[in-house]
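Structure first, commentary second.
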Amino acid sequence: MTTAQHRIGSGFGATSTAGDVLHGIDLTGRLAIVTGGYSGIGLETTRALTRAGAHVVVPARRPVDARAALEGVSGVEVDEVDLGDLASVRGFAERFLATGRTVDFVIAGAGVMACPETRVGPGWEAQFAINHLGHFALVNRLWPALEPGGARVVSVSSGGHHLTGVRWDDIHFERGYDKWAAYGQAKTANVLFAVHLDRLAGNAGVRAFALHPGAILTPLQRHMAKEEMVERGWIDADGTPLNPEGFKNPRQGAATQVWAATSPRLDGLGGLYLEDCEVAEPAPADGAMRGVKDWAVDPGQAARLWALSAELTGVNAFAG
């Protein structure tokens, strides 16, 4: 499979921060929607975008917590959305569209990782439903506000997509649940979503990217016991990272998604997977979890997932 997944010489890297990639970029008058924009790297993303002049809308499952976390950050508004509840997604989208505003950037960063088996909606596996289907429905419902401004849509995936492709024969893990396989599938879905959205929307000036933000210790690990993180070699028994060089801080972790949303170097590009503020190369044959796996950028699988997601959610801005 030929691929555009090759470095473009961004000038940034793994240690670049969100502030670094926004240096000299004025976002005054621009509007961003950042799911998960009040915790971890999402909070740093919101802070960086507002410092550059953008107005940021943060849809949150816990609006009270979001407002507390964002206290003192100017240029932010908080609304409510539960990505595991399609009625909630529809409600947020309708409220936003009623304001008549257009969107310049969507950063789809909210999600869950390695949670216990959980079912939402009509029995959907929660990681696939929240990380992928909720964002799929949100972006499709927001389409009338995305097209006029030629928005960029940024889907926050992870190196976890290396764990597995889409399990077409058992997407909702009805024949036995594995929390890491479910996470890997959801992260692959995040990439495939960007690939097909870009194909559908590129001619309208809306471009899409997916990315791996890097390894960062944030509240995303809330479903993991300390013992599991110790066993994986992430932290010691006191909670101290065992390999500080291998982890980014939240400002560095926010950099790639901010770069994806705002960088002029990405003008005219789309449907790509990014890491360390660069276009990622294809995954190496040695099995190292870097680069992007073929299954995550395969256009046929991306189209198949789009059709399935539209069927499951009942939403497709490009139908017909």
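Here's a check for you: in segment 71-95, which residue that is surrounded by 22 or more Cβ atoms within 10 Å (Cβ to Cβ) and out of contact with any Pro (no Cβ under 6 Å at 6 or more places or on another chain) is farthest from Gly134 (Cα to Cα)? Give the steps one after another, and end with the answer.
Of segment 71-95, the ones surrounded by 22 or more Cβ atoms within 10 Å (Cβ to Cβ) are 76, 81, 83, 86, 89, 92-93.
Still in the running and out of contact with any Pro (no Cβ under 6 Å at 6 or more places or on another chain): 76, 83, 86, 89, 93.
Numbers: Val76: 22, Leu83: 4, Leu86: 7, Val89: 7, Ala93: 12 Å.
Only one residue tops the list, namely Val76.
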Q) Given the conditions (1) farther than 19 Å from Gly37 by Cα; (2) under 17 Å from the mean Cα position of the chain (by Cα), which single one is not true for Asp169? A) (2)
Q. Which of (1) buried (at least 22 other Cβ atoms within 10 Å of the Cβ); (2) farther than 21 Å from Gly134 by Cβ; (3) small (Gly, Ala, Ser); (4) touching a helix residue (DSSP H, G or I) at 6+ places or on another chain (Cβ under 8 Å) is the odd one out, the single condition Gly19 does not satisfy?
A. (1)
**Q.** Ile216, sole failed condition from (1) in a helix (DSSP H, G or I); (2) modelled with pLDDT under 80; (3) among the β-branched types (Val, Ile, Thr)
**A.** (1)
Q) Considering only segment 96-125, how many residues are among the aliphatic types (A, V, I, L, M) and surrounded by 23 or more Cβ atoms within 10 Å (Cβ to Cβ)? A) 5
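Hey, among the residues in segment 143-171 that are of a type in the set (A, V, I, L, M) and under 17 Å from Met113 (Cβ atoms), which one's modelled with the highest pLDDT? Full working, then the answer.
Step one: list which residues in segment 143-171 are of a type in the set (A, V, I, L, M), which gives 145-146, 151, 153-154, 156, 163, 166, 171.
Still in the running and under 17 Å from Met113 (Cβ atoms): 156, 163.
Numbers: Val156: 98, Leu163: 95.
Taking the candidates together, the pick is Val156.
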Q: Among the numbered conditions (1) assigned to a loop (DSSP other than H, G, I, E, B); (2) over 22 Å from Gln252 (Cα atoms); (3) touching a strand residue (DSSP E or B) at 6+ places or on another chain (Cβ under 7 Å), tell me where Thr28 comes up short.
A: (3)
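Yes/no matrix, rows are residues, columns are (1) in contact (Cβ under 8 Å) with a residue 60 or more places away in the chain; (2) within 22 Å of Arg67 (Cα to Cα); (3) surrounded by fewer than 24 Cβ atoms within 10 Å (Cβ to Cβ):
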{"residue": "His6", "(1), (2), (3)": "yes, no, yes"}
{"residue": "Gly13", "(1), (2), (3)": "yes, no, yes"}
{"residue": "Ile25", "(1), (2), (3)": "yes, no, yes"}
{"residue": "Leu31", "(1), (2), (3)": "yes, yes, yes"}
{"residue": "Gly37", "(1), (2), (3)": "yes, yes, no"}
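Conditions (1) closer than 30 Å to Phe247 by Cα; (2) in a helix (DSSP H, G or I); (3) touching a strand residue (DSSP E or B) at 6+ places or on another chain (Cβ under 7 Å), marked per residue:
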site	(1), (2), (3)
Cys115	yes, no, no
Phe128	yes, yes, no
His132	yes, yes, no
Val154	yes, no, yes
Asp169	no, no, no
Tyr177	yes, no, no
Ala182	yes, yes, yes
Ala189	yes, yes, no
Gly202	no, yes, no
Q | Residues that are hydroxyl-bearing (Ser, Thr, Tyr) and either buried (at least 23 other Cβ atoms within 10 Å of the Cβ) or touching an Asp or Glu at 6+ places or on another chain (Cβ under 9 Å) (or both), drawn from segment 176-219 | A | Tyr177, Tyr183, Thr188
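The values are calculated or read from the model by the stated rules, or taken from the named source; none is laboratory data. Bear in mind the structure is a predicted one, so any value in this text is a computation, not a measurement. All Cβ positions, glycine included, derive from the backbone under ideal geometry; neighbour counts span all protein chains shown.
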